[in-house]
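Student: Have a look at the structure that comes next, please.
Computed from the coordinates by the stated procedures, all read-outs in this text should not be read as laboratory data. Since the structure is predicted, the reported quantities are computational estimates derived from the model, not experimental observations. A quick note on method: Cβ atoms are made from the backbone with ideal geometry, for glycine too, and the neighbour counts reach across all protein chains shown.
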Amino acid sequence: MIRSRNLVVFAALNGAMAVMTGAFAAHGAGPEVKSLLTTGAYYQLAHAVLAMICAVWPVRDRLVRAAGWMVACGGLVFATALSLIALGGLSFMGVVAPVGGMLMIMGWILLAIAGFRSQTTDA
């Protein structure tokens with residue numbers, strides 16, 4: 001019943017990366033970078049789960065699939081930018097993080113539009 005195998009794989013790898021980053025933040029990172037890594041991991045994991053839900057959405061819907069890709073890519077971009085700031089000292093990545101945030105927001109909006117357009121019998 002997988003609707004989008006590539007999105008499932010991408011979301012699962014995002015989830016794995018988020019767990020690894022979160023574990024490093026909890027057990028190996030210094031206090032100066034812990035907050036950035038934890039924030040990035042949190043957003044990446046939450047949006048990996050949403051992408052997985054979009055990938056197995058019961059109705060074939062291009063908006064839902066696009067939303068899944070947007071939130072998965074947005075979570076990856078956001079978390080990677082924060083990790084590079086924290087671990088690499090690449091402060092210029094601060095201009096990249098909002099791109100990830102905008103992708104996540106756009107994904108949520110697409111999902112809302114798909115939900116609004118769907119034919120349901122619920123009130």
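Student: Considering only residues that are more than 8 Å from the chain's Cα centre (by Cα), farther than 12 Å from residue 67 by Cα and aromatic (Phe, Trp, Tyr), which ones fall in segment 41-57?
Tutor: 42, the sole residue that qualifies.
Student: Take the conditions closer than 20 Å to residue 111 by Cβ and either under 18 Å from the mean Cα position of the chain (by Cα) or surrounded by 15 or more Cβ atoms within 10 Å (Cβ to Cβ) (or both) and apply them to residue 12. Does it pass? Quick ask: steps written out before the conclusion?
Tutor: Details: closer than 20 Å to residue 111 by Cβ: yes; either under 18 Å from the mean Cα position of the chain (by Cα) or surrounded by 15 or more Cβ atoms within 10 Å (Cβ to Cβ) (or both): yes.
When the stated conditions are applied, residue 12 passes them.
Student: In segment 76-118, how many residues are closer than 21 Å to residue 3 by Cα and of a type outside the set (A, V, I, L, M, F, W, C)?
Tutor: Selection size over segment 76-118: 4.
Student: Name the residues in segment 82-100 that are under 16 Å from residue 18 (Cβ atoms) and not hydrophobic (A, V, I, L, M, F, W, C), would you?
Tutor: Going through segment 82-100, the residues under 16 Å from residue 18 (Cβ atoms) turn out to be 82-84, 86-87, 97, 100.
83, 100, listed by residue number.
Residue-wise test of (1) assigned to a helix (DSSP H, G or I); (2) out of contact with any Phe, Trp or Tyr (no Cβ under 6 Å at 6 or more places or on another chain); (3) closer than 19 Å to residue 96 by Cβ; (4) touching a residue at least 12 places away in the same chain (Cβ under 8 Å).
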| position | (1), (2), (3), (4) |
| --- | --- |
| 25 | yes, yes, no, yes |
| 42 | yes, yes, yes, yes |
| 59 | no, yes, no, yes |
| 63 | yes, yes, no, yes |
| 66 | yes, yes, no, yes |
| 75 | yes, no, yes, yes |
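Student: Also, I was wondering about something else. Right, residue 103: touching a Cys at 6+ places or on another chain (Cβ under 6 Å), free of Cβ contacts under 8 Å to residues at least 40 places away in the same chain and either within 20 Å of residue 12 (Cα to Cα) or surrounded by fewer than 20 Cβ atoms within 10 Å (Cβ to Cβ) (or both) or not?
Tutor: It is true that residue 103 is touching a Cys at 6+ places or on another chain (Cβ under 6 Å), free of Cβ contacts under 8 Å to residues at least 40 places away in the same chain and either within 20 Å of residue 12 (Cα to Cα) or surrounded by fewer than 20 Cβ atoms within 10 Å (Cβ to Cβ) (or both).
Student: Residues 24, 10: which one is closer than 28 Å to residue 114 by Cα, among the hydrophobic types (A, V, I, L, M, F, W, C) and in contact with a helix residue (DSSP H, G or I) (Cβ under 7 Å, 6 or more places away or on another chain)?
Tutor: Working: 24 fails: closer than 28 Å to residue 114 by Cα.
From the options 24, 10, the qualifying one is 10.
Student: Of all residues in segment 83-100 being surrounded by 16 or more Cβ atoms within 10 Å (Cβ to Cβ) and in a helix (DSSP H, G or I), which is nearest to the chain's Cα centre (by Cα)? Walk me through how you get there before you give the answer.
Tutor: Of segment 83-100, the ones surrounded by 16 or more Cβ atoms within 10 Å (Cβ to Cβ) are 83-86, 93, 96-97, 100.
Checking which are in a helix (DSSP H, G or I) leaves us with 83-86, 93, 97, 100.
Values: 83: 14, 84: 17, 85: 18, 86: 19, 93: 17, 97: 12, 100: 8 Å.
Among those residues, the one meeting the criterion is 100.
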